[in-house]
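The values are calculated or read from the model by the stated rules, or taken from the named source; none is laboratory data. Values in this document were obtained by computation on a predicted structure and should not be read as measured data. Note: areas computed on protein heavy atoms with side chains; ligands, DNA, RNA excluded. Shrake-Rupley method; radii C 1.70, N 1.55, O 1.52, S 1.80 Å.
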Amino acid sequence: MQIRFFKRQGLTKLLLFCGLLAILPLGGCSLRKKVQTVKIEAEANQIMDVLRENGVRAKKEEVGEGERKTFEIWVDGDEDDLGAAIQIMEDHCLGQPEPPAVESSGIISSVEVEKAREHRRMKINIESQLRQIPGTTCVNVNFVLPQDRALAINPYPATAAVVVNFKTPTFQVNQEQIAGIIARSVPDLKPENVSVVTNYKPLRPLPETLGSRPFTRIALVTGIGLATILAFISIVFFLQKKRRAQDDEFESDLVASSPTKSEGETSLLGDGDEFDEDIKFP
């Protein structure tokens with residue numbers, strides 16, 4: 001009986017273990033979609049901030065080292081969440097393609113590569129500064145640095161062009177103020193050489209259930225997991241009950257079939273007889 005008890009315990013543990021294995025994929029079924037890869041962390045941070053402000057769960061991951069280091073933006077969810085993230089990025093002019101990389105094959109090329117990176121950093125910093133204006137959504141800044149006076153007799157001046165979209169009916173900053181912000185961020189750039197365009201453009205509506213999807217998914221997974229555990233527990237108890245009934249039946253059959261002393265059987269020695277230990281056999 002003790003052996004059968006341990007067998008029942010082993011069967012119970014095995015079924016519970018199988019149940020846990022069955023629900024683990026459900027608990028870890030969070031889907032991840034990559035929406036963007038950028039080389040500058042400041043740009044990745046901008047994307048992260050905008051996505052989170054609009055109810056999208058996003059994560060940033062650093063990939064590679066040195067010159068090949070990039071920052072990947074991942075979104076937790078399904079295809080609808082991915083589409084919403086892309087829509088938000090487009091409405092805010094984020095994740096724009098980077099300019100073609102300058103091939104580095106010498107000292108001069110390395111200098112050009114560093115200039116291109118610095119130009120990109122300045123562009124991102126200016127756009128980030130303009131995004132802090134309430135109501136601003138899309139900001140696209142392009143500027144040209146002044147030509148080196150040592151390379152030309154009549155060098156061209158620094159110029160810039162900016163497009164700002166806002167979602168509110170009114171915008172509290174005028175074009176002259178925007179031109180002044182950009183002029184103070186680019187070397188030797190004068191406000192009169194900055195072209196500014198502002199547009200009222202409301203954001204496209206997002207799905208109403210975007211923010212509640214993670215909680216709905218968690219509740220669904222939890223419900224399925226609990227149902228699976230309860231099903232396995234029910235199977236364990238059913239098998240234990242069935243095995244206990246079989247053991248009881250086996251014990252009853254064993255007792256019924258065990259040999260007992262019948263009424264007609266007598267002992268070789270009488271009740272008053274004693275066994276003589278001194279008897280010796282040849």
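Tell me the accessible surface of residue 198 in square angstrom (1.4 angstrom probe, heavy atoms of protein chains only), to the nearest ten.
Only protein atoms counted, so the area is about 40 Å².
Compute the relative contact order of segment 74-200 as a whole-number percentage, counting only Cα pairs closer than 8 Å that sit 6 or more residues apart in sequence.
Here the relative contact order equals 20 percent.
Students often get this wrong, so check it: of 39/59; 60/123; 69/115; 115/201; 33/201, which have C-alpha atoms separated by over 26 Å?
With Cα atoms farther than 26 Å apart: 115/201; 33/201.
If ligands, DNA and RNA are left out, what is the accessible area of residue 128 with a 1.4 Å probe, given in Å² to the nearest 10?
40
Roughly how much of residue 121 is accessible, in Å² to the nearest 10, using a 1.4 Å probe?
Surface open to solvent at residue 121 totals about 90 Å².
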